[in-house]
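For reference, the structure discussed in these notes is given below.
The values are calculated or read from the model by the stated rules, or taken from the named source; none is laboratory data. Note that this is a predicted model, so its numbers are computed, not measured. Ideal geometry is used to build each Cβ from the backbone, glycine not excepted, and the neighbour counts take in all protein chains shown. The accessibility values were calculated without ligands, DNA or RNA, using every heavy atom of the protein model including side chains. Shrake-Rupley method; radii C 1.70, N 1.55, O 1.52, S 1.80 Å.
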Amino acid sequence: MQLKAENLSAKRGEDLLFRKLNFCVNSGEALVLTGRNGSGKSTLLRVVAGFIRPESGKVTFQSQGTESRPAREACHYLGHRNGMKAELSVSENLHFWKDFLGGFEGGTGLSIEEAADVIGLSSITHLPYGYLSAGQQRRFAMARLLVAYRPVWILDEPTAALDAKADAMFSAMVRNHLRSGGMALAATHQPLGLDNAQQLEMRGFEFDDLEEMV
Amino acid sequence: MQLKAENLSAKRGEDLLFRKLNFCVNSGEALVLTGRNGSGKSTLLRVVAGFIRPESGKVTFQSQGTESRPAREACHYLGHRNGMKAELSVSENLHFWKDFLGGFEGGTGLSIEEAADVIGLSSITHLPYGYLSAGQQRRFAMARLLVAYRPVWILDEPTAALDAKADAMFSAMVRNHLRSGGMALAATHQPLGLDNAQQLEMRGFEFDDLEEMV
Amino acid sequence: MSHYAFYINTSYGAAGLIVLCLIAWVFLDGRARQKELKALEASGIRRRSSADKASS
Amino acid sequence: MTETSLAITKLSDLANPTRFLALVRIVLPWMVGITALLFAIGLYLSFTSESDYQQGDTVRIMYIHVPAAWLSMMCYTVMAISAIGTLVWRHPLADVAHKAAAPIGAAFTLIALVTGSLWGRPMWGTWWVWDARLTSVFVLFLMYLGLIALNRAMDDPSKAARVSAVLILVGFVNIPIIKFSVEWWNTLHQPASILRMGGSAVDPAFLKPLLVMAIAATLLFFTLHMAAMRNEIWRRRIAAQRRMAARKAGQDDT
Amino acid sequence: MIALFLRDLKLSMRAGGGALIGVLFFLTVVAVIPFGVGPDMNLLARIGPAIVWIGALLAALLGLDRLFQADRDDGSLDLLLMQEAPLVLTVFIKCLAHWTATSLPLVIASPLMGLFMNMNEVSIGAVMLTLLVGSPAITFIGAAGAAVAVALPRGGLLVSILVLPLSIPVLIFGVSASYAAVEEPAPFLPPFLFLCALTLFFAVIGPLAAALALRNTAD
Amino acid sequence: MIALFLRDLKLSMRAGGGALIGVLFFLTVVAVIPFGVGPDMNLLARIGPAIVWIGALLAALLGLDRLFQADRDDGSLDLLLMQEAPLVLTVFIKCLAHWTATSLPLVIASPLMGLFMNMNEVSIGAVMLTLLVGSPAITFIGAAGAAVAVALPRGGLLVSILVLPLSIPVLIFGVSASYAAVEEPAPFLPPFLFLCALTLFFAVIGPLAAALALRNTAD
Ligand code: HEM
Ligand SMILES: Nc1ncnc2c1ncn2[C@@H]1O[C@H](COP(=O)(O)OP(=O)(O)OP(=O)(O)O)[C@@H](O)[C@H]1O
Ligand SMILES: Nc1ncnc2c1ncn2[C@@H]1O[C@H](COP(=O)(O)OP(=O)(O)OP(=O)(O)O)[C@@H](O)[C@H]1O
Ligand SMILES: [Mg+2]
Ligand SMILES: [Mg+2]
């Protein structure tokens, strides 16, 4: 399995934010994006997840013996917003995502209870999601990554709002995912505690070919 | 100047989250709340800011020679949501808050440009707020604390989404505020780098007087 | 009775029906709640002060 | 502690839910008995009293229509008073009181509407006209339904109670409109002839069954209201105990 | 406070579609009625004021439910609640801004509708005047509903249900004043003055109730 | 997909009070009308179908603009966009859920409104039928508008220009088919069939346009 970005460039507004980026993440590997605020980490992740159409290049996902396909179909995306409904209970939310996301070849999702157990909050799955504290909400958003299997996890500052224990729990969760053959792309300002991670430092707007643009 | 909480209890849903809390923050001091996810840090801050009515007790602010008044009037609140309109430009947003919040005895607010300078983003105040990256948005929300003076800053996980440099900038900003006689209440999972800070550890729901409640 | 009998009977009938529904709702709701309280008590969850007979 | 807050504490001691439940246990059977008895008398009277020379037998509809109409307004007034209790004193019993009253009020309003139309057909020749009295009662009905919907839409009971309290108070404007609409706008509907300044203008032959029925209906309201409040308190206790159990379980394993 | 007024105005101009959506909706309503009553010009003229008033009422409802919701979602409502300035005043200003952005255009467009409905000049003038005086009342009532809606996750329709019954008196007096201006025996002033009184009444009650609701449901 | 349908249905039931609220809203609108036009029963019966249709349009509009916005605000829209399943289908399902939760109850309740408006049986049947067939069209058009609104932060204006004018034909054919059913010379079928055609057309165009807008503007 392999996630491959070739010759990737993307614009924000009218300016190129990064240009001709290439990377390749294999099964069991992680790519950690760093860089100062506004340097384009989130943008890159959103390009990979297929929300922003790149100016050039493409991101593809290929697993053994199958055709390559758009990366977004093989990805879980955990962004700043949790993607859960405040009005529904936690378990209704997770059930929905489990059903809606469905399966993906090469793995199976955990059940809601197991996933809640992993993140250590199995006792409050009956509460409406909106009643939870910021950290609890974040942790249940992480549980979503577990209930439906996807080989690639795209994580945008996943550990904001987590306490120390939950932080460790999440690192373990990601390591576990990598060990079982998954991949992860993460943008963070704090170390995630991964061993075999490539680093990519983002630098913000590229101005050198401004004239091409205008 | 003094911020004083006496005998403070608050409920979430139908249950008591904390009970008979007392604390007192003097000019130049900070109070840092810690505790695991869901232990009630945000709730306490929202009680102080006057959004949640406490079950018992009250929080008052007193400055020399004046009557004590509800704490919320002397506070800046920086919560999870930034309180800025994505459709307006950064400077329109800041101008609005400067005008609307007005002054408070004992200090003056900076101008928009100065504040943007302090947070290190003076070059992009003309952009619509919605176009900024997560960290940039957060930093402009911090600029709001500067454009109108309030002696007490209530900070709920202020440094989530900030890069290392901005982190340092914010610590300096809070230290500066304390040095000039202000106070701060902060809930964080990461050290804020303050010296003279009291600590208060929150512990989550209290069960023993459930029957009083129903 | 007169030819108004229909209207009178229907009014009394409708009013009676609505009131009966209301009573049934209150009654059944009460019974269901009581049952739940008993079940909770049986499973060992009880209010600390349930020594007083209020919730029985 | 200030004097007022002391007074409030005392008040809430007197009316705390546990004490209320104890009271209900004693009073409720008596109320049920008296209500049933009064209804028996009232129904007997209303079917044996003579008929009106003008309205014929249909005057018998009055014996349910008028009490139901009065109660639909009284119920709202009770709710408005408890709404003040919720907002000013934050008394949990007040929350319960107006939540429990809404369905009962809706039922009485519905009775008034239905019997009114059934009376209107022979008297005015139509089931329904859009005059001020009828419409304002209809609006009252809608507001009851809206309040019920509101209470169902929110699952935090004390917050729901506060929100609906505000609405109840705002909607109270409607009550004087109902009461005085017949005087402000000239309509088909009867102006007040029983409850009015300067004494009643109704033949005592009709007055007696009407009054008995009115008292019976009022008692019915209070009986049902008490029972419904008791149910609601139970419901909340059950929820609280379930939450507590869940949280305790959660704390053990973390 | 002026800052708040200007910000809200700017926002609804820029983001919400502002004036135009109300006017368009208004136009739609007015365009459909003739299908119902047929091309009978006299009848149209007769029900004209009522239709214009109903259209305005319904158009005012569009967007009203989001009056506070948008501020809640981005956290600014919290900040508005903290201030020393009385909350009632803040709510009042927000109502004014909303009225200026959505109802005022309707008032201005109403003569056009009047022409469509074949109304005569006096009648058009009367409708415009009553709308000008009466429409703020609807906004103020609506504010109370919108404040309640903030507490609800998706309260839009609920608000209208709560608001509409209360706005019925406004409608009644607005319409009857408009008719009184044309039909001879009925005097124009009494219902008109009553309308003014209603608006003043709701200008007090509405923001008060809204402030109460906002204070009690923030969390 | 069924999961999505159920979730959306549950959301609108739970949060907004769902069906009950739509119907209540409709009831209030209808209750307001007679105050405007006066208690003239014949007139009421005549404008009845138009009023019921306008009420349905309004009820559909309220809340429709938030169809995708709510999902965008909490981030679930992103996740919906990523899936392998064709986006058009996702949008279509969301429309269906919205229609089931808000318009279907209106269709079912419309006979009651008809009674209030003093309409006769044929007319009531015709309105119900045309509503059943025509109201999905409004939802589908609205979906396209809602998608555009999500895409552009300042898209409000565009939406109103887009949605209301497009829904006018639906409204007009719906109302005229209802009238044709009662009034003798006019035939019922032609406008009715046209209405069906419109709905089918928009059932294809609406979700397509919405999907296109969502894909092109997510960021
Ligand atoms: C759906 C239709 C009707 C509704 C909603 C309605 C509503 C009411 C209400 C709210 C009251 C209490 C008024 C008060 O206490 O001041 C009332 C009283 C009364 N109604 Fe009706 N009514 C309806 C139809 C009728 C009809 C058709 C008649 C008889 C022709 C009628 C006769 C009366 C009488 C005699 C009273 C007692 C008034 C008094 O003495 O205070 N109503 N109705
Ligand atoms: N509206 C509500 N109804 C019921 N319970 C609630 C509500 N809001 C929060 N809670 C509960 O209150 C507790 C405290 O929440 P709070 O947000 O104060 O925690 P916190 O200390 O800020 O946590 P975090 O570190 O995750 O931000 C949580 O357990 C949460 O489940
Ligand atoms: N819609 C937009 N239009 C124009 N510019 C934009 C838009 N969205 C983001 N930008 C700009 O693109 C740049 C990159 O933003 P991005 O969110 O990718 O940064 P980031 O690396 O994730 O930063 P952070 O660490 O703060 O999250 C920022 O400088 C921002 O101002
Ligand atoms: Mg980012
Ligand atoms: Mg928190």
Out of the stretch B:96-144, which GluC sites (Glu not before Pro) are coil in DSSP terms and have no more than 16 other C-beta atoms within 10 Å? B:GLU105
Across the identical copies, how the F:LEU152 labels are spaced - nm, sorted shortest first, 7 Å along Cα→Cβ: 3.1
Label-to-label distance, nm, for residues given as F:THR217 and A:ARG53 (7 Å Cα→Cβ offset): 1.4 nm
What figure in square angstrom, to the nearest 10, would you give for the accessible area of B:ASP195 with a 1.4 Å probe? 130 Å²
Compute the Cα gyration tensor for the stretch D:20-135, then decide on rounded, prolate or oblate, letting a ≥ b ≥ c be the square roots of its eigenvalues: rounded whenever a/c is under 1.5, prolate when a/b is larger than b/c in the other cases, and oblate in all that remain. oblate
When the accessible area of the stretch E:1-218 is computed with all protein chains present and a 1.4 Å probe, what percentage of it is carbon and sulfur? 76 percent
Largest to smallest accessible area among D:ILE175, D:ILE26 [probe 1.4 Å]: D:ILE26, D:ILE175
As a test of the definition: with a 1.4 Å probe, what buried accessible area, both sides summed, do you compute for D against C, in Å² to the nearest 100? 3300 Å²
Going 7 Å from Cα along the Cα-Cβ axis for the label, what nanometre distances separate F:MET41 from the same residue across the other copies? 3.2
Excluding near-sequence neighbours (fewer than 8 apart on one chain), the stretch B:2-213 holds lysine pairs with C-alpha atoms under 24 Å apart numbering 10
For chain F the mean separation of alpha carbon contacts under 8 Å (6+ apart) over residue count, i.e. relative contact order in percent, is 26 percent
Ballpark to the nearest 100 Å², how much total accessible area do D and A bury together, probe 1.4 Å? 600 Å²
If you roll a 1.4 Å probe over the heavy atoms of the protein chains, what accessible area per residue do you get for the protein assembly as shown, in Å²? 38 Å²
Given the protein chains as shown and a 1.4 Å probe, how many square angstrom of D:SER82 are accessible, to the nearest 10? 10 Å²
Sorted by accessible area with a 1.4 angstrom probe, largest first, how do A:LYS4, B:LYS41, B:LYS165 fall? B:LYS165, A:LYS4, B:LYS41
At q = 0.08, 0.09, 0.17 Å⁻¹, the log10 of I(q)/I(0) for the stretch A:2-213 from a Debye sum over equal Cα scatterers comes to -0.28, -0.36, -1.19
Let me confirm one metric for peptide E:71-80, namely the mean number of other chain beta-carbon atoms within 10 Å of its residues' beta-carbons. 6
Amide H contacts under 5 Å for A:ILE154, restricted to residues at least 5 apart in sequence or on another chain and with H modeled in the peptide plane, are A:HIS76, A:TYR77, A:LEU78, A:LEU185
Residue-averaged 222 nm ellipticity for the protein assembly as shown, from DSSP H runs of 4+ at -39500 (n - 2.57), nearest 500: -20500 deg cm²/dmol
So, with a 1.4 angstrom probe, what is the percent of accessible area on chain A that is carbon and sulfur? 48 percent
Rounded, prolate or oblate: which one fits the protein assembly as shown, using the alpha carbon gyration tensor with axes a ≥ b ≥ c (rounded when a/c is under 1.5, else prolate when a/b beats b/c, else oblate)? prolate
What's the angle, to the nearest 10 degrees (0 to 90), between helix B:164-179's Cα axis and the longest principal axis of chain B? 70 degrees
Can you sort B:HIS80, D:HIS225, C:HIS3 by 1.4 Å-probe accessible area, starting with the largest? C:HIS3, B:HIS80, D:HIS225
To the nearest Å, what is the center-to-center distance of the stretch B:124-173 and the stretch C:1-32, using C-alpha atoms only? 64 Å
Can you list the residues, at least 5 places off or on another chain, whose amide H is less than 5 Å from the amide H of A:GLU55, using H built in the peptide plane? A:SER9, A:ALA10, A:LYS11
Karplus-derived HN-Hα couplings along the stretch F:57-70 (A = 6.51, B = -1.76, C = 1.60, θ = phi - 60°), whole Hz, x at Gly and Pro: 4, 5, 4, 6, 6, 5, x, 5, 5, 9, 3, 9, 4, 4
Shape of the stretch E:1-218, Cα gyration tensor, a/c cut at 1.5: prolate
Nearest the rotation axis from E to F, which residue of chain E has its beta carbon, and at what whole-angstrom distance? E:LEU58, 3
Those lysines that a straight Cα-Cα span of less than 25 Å connects to C:LYS35, excepting residues fewer than 8 apart in one chain: C:LYS53, D:LYS99, D:LYS248
Under 5 Å, built H, 5+ apart or other chain: amide partners of A:GLY193: none
Distance in Å, no decimals, from the C-alpha centre of the stretch D:150-175 to the one of the stretch A:43-95 is 42 Å
Along the stretch D:141-157, Karplus-curve 3J(HN,Hα) (6.51, -1.76, 1.60; θ = phi - 60°) to the nearest Hz, with x for Gly and Pro, reads 4, 4, 5, 4, 4, x, 5, 4, 4, 4, 5, 7, 6, 10, 10, 9, x
Taking θ as phi - 60°, what are the ³J(HN,Hα) couplings along the stretch F:82-90 by the Karplus curve (6.51, -1.76, 1.60), each to the nearest whole Hz, with x for Gly and Pro? 6, 6, 6, 4, x, 4, 4, 5, 4
Once the Cα atoms of helix E:121-151 and of chain E are each reduced to a long axis, what angle between those two axes, in degrees from 0 to 90 to the nearest 10, is obtained? 30 degrees
Select the chain A residue whose beta carbon lies nearest to the rotation axis carrying chain A onto chain B, and write the distance in whole Å. A:ALA160, 2
Hey, for A:THR60 with labels 7 Å out along Cα-Cβ, what do the inter-copy distances come to in nm, ordered shortest first? 7.2
Of the residues F:MET113, D:LEU38, F:SER167, the Cα lying farthest along the dipole of the protein assembly as shown towards its positive end, which is defined by charges on the beta carbon of Lys, Arg, Asp and Glu, belongs to D:LEU38
What percent do you get for the relative contact order of the stretch A:2-213 when only Cα pairs under 8 Å and 6+ apart count? 33 percent
Any idea what the relative contact order of the stretch E:76-144 is, in percent, if you count C-alpha pairs under 8 Å spaced at least 6 apart? 38 percent
With every protein chain in place, what's the accessible area of F:CYS196 (1.4 Å probe, Å², nearest 10)? 40 Å²
Please compute how much accessible surface disappears when E pairs with F, both sides summed, using a 1.4 Å probe, and round it to the nearest 100 Å². 3800 Å²
